[in-house]
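Here is the structure we will look at.
The values are calculated or read from the model by the stated rules, or taken from the named source; none is laboratory data. Quick caveat, the model's predicted, so the values are computed rather than measured. Quick reminder, even Gly has a Cβ in these numbers, built from the backbone with ideal geometry, and neighbours come from all protein chains shown.
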Amino acid sequence: MITVDRNNKPPHINRVMPHGSGLSRSMKATQCWALLKYLPCMIGDRIPDDDKHYRLLLHLCDLVDMAFAPRLTAGLVVSE
């Protein structure tokens, strides 16, 4: 793990609360970015490949990678 990621780990969540229950977890942008980067690695083997929500998460990861890339290459912009 890169030092920047180690310093920006997302906060621990002990249990999942129902929507609207008042659970308030704030994260810095770098913590959200680290969570987005590593979440597919942590849960990917448990999610079916055709799950539309997981596919959306993967597309979001690709978009964030492109948006924050120091430069765009032909490999980044070629669609599948």
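General remarks:
- For segment 23-61, filtering for residues that are under 23 Å from V77 (Cα atoms) and in contact with a Leu (Cβ under 9 Å, 6 or more places away or on another chain) leaves 5.
- Residue in segment 27-38 that is surrounded by fewer than 11 Cβ atoms within 10 Å (Cβ to Cβ), modelled with pLDDT of 85 or more, of a type outside the set (G, A, S) and part of a helix (DSSP H, G or I) present: no
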